[in-house]
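The values are calculated or read from the model by the stated rules, or taken from the named source; none is laboratory data. Because the structure is a prediction, the values reported are computed rather than measured. Counting neighbours? That spans all protein chains shown, and the Cβs are built from the backbone with ideal geometry, glycine included.
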Amino acid sequence: MSLISKEATTTVLVGLVGVVVLRTIVSRMRRPKYPPGPSRLPLIGNLLQLPKEEAWVTYMNWKQKYGDVIYMEVMGSPLVILNTYQACVDLLEKRSDIYSDRPFGIMASQLMGWKNAVTLSPYGEKWRKFRRMCAQTMRKEAVKVFFPIQEREVSRFLGTLLEEPTKFMENFRFTAGRSLLISVYGIHVNGAKDPIIQVAEKAMSYAVFATQPGSFLVDFFPALLHVPKWMPGTGWRKFAEEGKALADEMVEVPFNIALKNIEVQKEGSNEINLTGMCLDRNEDPEVVKWCSGTMFSAGVDTSVASIHAFVLSMLLHPDIQKRVQAEIDLVVGADRLPLLTDRDDLPFTNAVMKELMRWQPVSPFALPHRLIKDDIYNECFIPAGATVMPNTWAVTRDPSLFPNPDKFIPDRYLPMFDKTIPCKPEDLPMDPEKFAFGYGRRICAGMHYADTMLFVTIASLMHSFDIVPALDANGKEIIPEIKFNSSIVREAVDFPVTIKPRSEAHRQLILANA
């Protein structure tokens, strides 16, 4: 009887395994196919096909072969590229309830602690607290309280251009950082060598490197976390420890200074700042700390990259520069600097800024989303856990949205495009703000602050300075190439340029306001 029992049991187990395998095969046969994409190798998938530079250009070009949505796998992890604005809207906005998570990187999120930041926080209750807080303090109307800070700091920046015109980007980096420190914490620093500024710069350099795809094997093989520190090839642990220490210091130090200023009512504590406003509403201090830290750290690099691209655009398009200056002269005059309240009266300047965001986006890939539930799109299967990359570069180069996409044409946003074809506002191209700051529920929380900082900087530069080509040793104009790096925040490669006051009267006005 025991022999029969064992044989019967074995038969039943084999049968059950067969049923499970059969059901799995049938399920996969019935399941819609994945979106088109390049063929995959066993185990590593498409790892060897990941572009090392300008991935957004490569994926845009793949659109011709594979379509709007491209599917890949990297070490068993699904990766989906969205190459059209419609696909981004359909998935990241219309289905935001399942497409709003962030991929969890072992190095950046877990080991370095960036999972606590608004931008990388997992989709859940803590993230909702972040967003609610940001919505109250950084919405379009709310950021108007920061206008005086932004205007004042840009006025100071103009003064540095008189003293050190060749260091314009270095000085603007400090201006962007100082403006954010005041707006977020109420902290005033006097130079780029201030420890708060230096720690933030270093912390962000670690974070950017850690979030670059393929930087660390531990992101693909979490089992490496169990390898002893003394083993060869574990230098990544030291990087993680250094990066976490920098991130913690960047978040803790200015927050504690802001707390102390509030408590003892020191000078500067009465100036409006994000941290104080949130604490006044009895928000969770830990959430406030990371919300403030995210706003401070995330805003500098993108602002710097935008202004760098703007200077390049004006250098290459002197006719457009003259039109911007003429408009500002007419509205603002020569007796004062531009204010953010002038903005509605400067339509061409606004159009130039819109075209800048489209022509050379600082974030050609929006930060990746993560799908939390299996989904079907255009009869194709996208599995839960997929990393979804919105290719904003492909959106900006879509000729159906923006004719002649490689050309810098601010007039495309004006009702009289080319001054010959009248059209209604609804017939104009879409506003680049719809894609420049991300998509869906993960859209940049500080977008309105970044938008106003960029505008007042552009308007002030054009009011007071001429941007002209530098001269070589023979007195010939140097016209730079359009060259950008391949970083997460895409910035122009340094180029020679001359930035000079438009007149002595402009110089005196700058000095009076610096």
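Filter the range 171-195 down to the residues that are more than 20 Å from the chain's Cα centre (by Cα), part of a helix (DSSP H, G or I) and not hydroxyl-bearing (Ser, Thr, Tyr) and list them by number.
Asn171, Ile182, Pro195
Please go through the range 223-241 and pick out each residue that is basic (Lys, Arg) and either out of contact with any Lys or Arg (no Cβ under 8 Å at 6 or more places or on another chain) or surrounded by 10 or more Cβ atoms within 10 Å (Cβ to Cβ) (or both).
Those that are basic (Lys, Arg) and either out of contact with any Lys or Arg (no Cβ under 8 Å at 6 or more places or on another chain) or surrounded by 10 or more Cβ atoms within 10 Å (Cβ to Cβ) (or both): Arg237, Lys238.
Can you name the residue in the range 340-370 that is crowded, with 23+ Cβ neighbours inside 10 Å and in contact with a strand residue (DSSP E or B) (Cβ under 6 Å, 6 or more places away or on another chain) and is also farthest from His448 (Cα to Cα) among such residues?
His369
Take Val304 and decide whether it is under 27 Å from the mean Cα position of the chain (by Cα) and either at pLDDT 95 or above or of a type outside the set (Asp, Glu) (or both).
yes
Please name all residue pairs, on different chains or six or more residues apart, with Cβ atoms under 8 Å, provided the first residue is in the range 62-80 and is at pLDDT below 95 and the second residue is β-branched (Val, Ile, Thr) and surrounded by fewer than 17 Cβ atoms within 10 Å (Cβ to Cβ).
Partner pairs satisfying both residue conditions: Val74/Ile44; Met75/Ile44.
For the range 196-215, give me the residue count where each residue is part of a loop (DSSP other than H, G, I, E, B) and touching a Leu at 6+ places or on another chain (Cβ under 9 Å). Full working, then the answer.
Taking the range 196-215 and keeping what is part of a loop (DSSP other than H, G, I, E, B), we get 212-215.
Those left that are additionally touching a Leu at 6+ places or on another chain (Cβ under 9 Å): 213-214.
The qualifying residues number 2.
Out of Trp56, Trp127, report the one residue that is within 25 Å of Phe216 (Cβ to Cβ), outside any loop (DSSP other than H, G, I, E, B) and at pLDDT 95 or above.
Going through Trp56, Trp127 in turn, the sole match is Trp56.
Which ones in the range 130-149 are under 12 Å from Ala445 (Cβ atoms) and in a helix (DSSP H, G or I)?
Matches in the range 130-149: Phe130, Arg131, Arg132, Met133, Cys134, Ala135, Gln136, Thr137, Met138, Ala142, Val143.
Name the pairs: first residue in the range 108-122 and basic (Lys, Arg), second residue surrounded by fewer than 21 Cβ atoms within 10 Å (Cβ to Cβ), Cβ to Cβ under 8 Å, at least 6 apart or on different chains?
Lys115/Phe104; Lys115/Pro122
Of all residues in the range 475-507, count the ones that are in contact (Cβ under 8 Å) with a residue 60 or more places away in the chain, of a type outside the set (Asp, Glu) and assigned to a loop (DSSP other than H, G, I, E, B). Full working, then the answer.
Here is the first cut: in the range 475-507, the ones in contact (Cβ under 8 Å) with a residue 60 or more places away in the chain are 479-480, 482, 484, 486-492, 494-495, 497-502, 505-507.
Remaining after also requiring of a type outside the set (Asp, Glu): 479-480, 482, 484, 486-490, 492, 495, 497-502, 505-507.
Then drop every residue that is not assigned to a loop (DSSP other than H, G, I, E, B), which leaves 479-480, 482, 486-490, 495, 497, 502.
Summing the residues that are in contact (Cβ under 8 Å) with a residue 60 or more places away in the chain, of a type outside the set (Asp, Glu) and assigned to a loop (DSSP other than H, G, I, E, B) in the range 475-507 gives 11.
Return yes when Ile25 is closer than 23 Å to Gly76 by Cβ, at pLDDT 55 or above and among the β-branched types (Val, Ile, Thr) and no when it is not.
no
Here is a yes/no grid of residues against (1) under 19 Å from the mean Cα position of the chain (by Cα); (2) assigned to a loop (DSSP other than H, G, I, E, B):
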| position | (1), (2) |
| --- | --- |
| Ile70 | no, no |
| Gln86 | no, no |
| Val89 | yes, no |
| Leu92 | yes, no |
| Ile98 | no, no |
| Phe104 | yes, yes |
| Met107 | no, no |
| Gln110 | no, no |
